[in-house]
Amino acid sequence: MQTSPSTIADPSLEARFHALFGAGVQFERPLAESGLGGRVSGLDLAEPLAPAQVDLLLDTLAHCRLFTIAGQDLARFSLATFERFANHWGAPVAHPSNFLRGGKPAQQDGASNGAITYLPYADRRVAAADSTLPGQVACLPHESPAVLVATNLLGRGVDDAPTLKAGGTWHTDIEYEPLPIYVSMFLVHFAPVARDASNGQWVEPPVDDGAPAPYFSGSDDDLMALRKHLPLNGETAYTDTAAAFAALPADEQAKLEAIRVRRRLNTGDDGWLAPLVRTDPRSGLKSLHSPVWASRPGVRPSIEVDGLSVEDSRVFLDRLEAHILQPRFRYDHVHTEGDVTIWNNYMTLHNSPPIKIGIDRIDDARLLYRLSCKGEPVLTLPRQDDPTWITTHVAGDYRSPPEIVGTRA
C-alpha cells in the first residue's frame, strides 16, 4: 500500500521556511485529519520571491496538497501582484466565465474550436459587486481574463430579501481540457462574519426536497448525502484524493493506476483519454484525479471509463466518489481577509458552499479572487513558455503582460 500522505510529509519544510524567510515565520500543518493542509504566517508576497523561496513553496504544496499564506496587505498586494505570483506555479489561464467561445458563453456547449473573445471587466456579471454595497465593497481593480471573481455580491432589487443559494458540485478546476489545471489559488477580500442564523452559523442548511439537483438523478441516497454535506459559514469544502487513494488496498490501487477516463469539452467531441491516478513529481504522492462521473451537469458531458459503458462508468465512479467524500478525507477551509490559499487540483476536489445572495450588509459579503495555472512551475519570471504550447493549451493564447511579470533581461 502507498505510504500515508501524513507520514510522507517532508520534515525539513519548517526549517527551510525559517532559513529562507526568517525566524518569525510560522508554519502549521496538517489542517485536516487526512494530513491535508498547511498555514504559513509571516510571508509578504508583495515582494518578489527568490528562486529558493519559490522552490520551497512548490515543495510545500507537493506535500500538503493545499496551503495558505496568511495575512497579505491588500493595500499593497494587488491583483496584478497576485497574478505575478501565480506565474511561478504555471501559466495562468483565462477563466471561461470571462470569455466567449465562438460567440457563446464559454461555460455552455459550443464550438470546441470557436474563436475566443475576452470580456472586459465591465461586461462581466461580477461587475455588479461594485454597486451592490456602494461605498463599502468594490473589487480590486483589474481587467485580466485570468482573474475569476467568486462572490455573492451580484446586485439586488429595492424590495429583494436575501435568499439562500445551495452549494455547487464536487469538481476540480477545468479538468475537461486535454491539459487540466494543475494549481488554483484564492485571494480573500471579504469573508462573511455574520452568524445570526438560528443554528448560530452564517446560513441554515439548505432544505433538501429530495430532488437530485445540482446533480443528475440516479445516485444512491448515501452518496447524495455525502455530496450535499457542505459547510455553512462560507468556507470552501475540499476532499483529499491523495489520502483517499492511499487508504485503498494495494491491489485496488494497482487496478486504478491502469485506468484511463475519456473526458470531453462538449457532448459531440471525441474527447481524449486521461489517467485516473496521477503521481506528484515532487512528493511522489499518488492521487485520484477528479473521479466524478458528472461534475458539471448541464455544462460539461460526463466522463467515461475506457472500456466501460456510460452506465457502468457511472456505477464505477460513483463508488469512488463515495469513498473520497468520506468525512475522514474532508476539510472545510475557513477564509480570512488577505489570505492566499493554494491547492493542487490533481490531489484534491473542492466545492462551493451554500451562500446568501441579494445581501444588503457587509457582514454577509463573500468576495474572493481565483487564479488557475497549468503547465510547469518556474523559479524565475517571466515564464518562457513555447508559443505553440500556449496556443494548444491556453484559451485565447493568454499570457500575463510584461507590466505584471517583467521582461527577460
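Odds and ends about this structure:
- Nonlocal amide H pairs with residue 236, under 5 Å, H built at 1.01 Å: 333, 335
- Global form of the stretch 186-332, assessed from the alpha-carbon gyration tensor, a/c cut-off 1.5: prolate
- Annotation for the stretch 72-124: trypsin sites (Lys or Arg not before Pro) lying in DSSP loop with at most 16 further Cβ atoms inside 10 Å of their Cβ are 76.
- Among the GluC sites (Glu not before Pro) found in the stretch 9-111, those both in a DSSP coil and sparsely packed, with 16 or fewer other Cβ atoms within 10 Å of their Cβ, are 33.
- By the count of other C-beta atoms within 10 Å, a proxy for reagent exposure, 336, 68 are ordered fewest to most as 336, 68.
- Three-way shape label, the chain, alpha-carbon gyration tensor, a/c 1.5: rounded
- Residue exposure proxy: 329, 245, 99, ordered by other Cβ atoms within 10 angstrom of their Cβ from fewest to most, comes out as 99, 329, 245.
- Dipole magnitude of the chain about its Cα centre (Cβ charges: Lys, Arg +1; Asp, Glu -1), debye to nearest 20: 460 debye
- Packing-based exposure ordering (other Cβ within 10 Å, fewest first) of 347, 185, 224: 224, 185, 347
- Comparing 266, 113, 345 in a Gaussian network model of the chain where C-alpha atoms under 10 Å apart are linked, the largest mean-square fluctuation is found at 113.
- Whole-number percent relative contact order across the chain, with pairs defined as alpha carbons under 8 Å at least 6 apart: 29 percent
- Pairwise centroid distance, computed over Cα atoms, of the stretch 90-127 with the stretch 54-79, Å: 27 Å
- Classified by the C-alpha gyration tensor, the stretch 200-253 has an oblate form. Its axis ratio a/c, with a ≥ b ≥ c, is 1.5 or above, and a/b does not exceed b/c.
All of the numbers you see were taken from the coordinates with simple rules; none came from a lab. Keep in mind it's a predicted model, so treat the numbers as computed, not measured. Because the Cβ atoms are built from the backbone with ideal geometry, glycine has one as well, and the counts that use them run over all protein chains shown.
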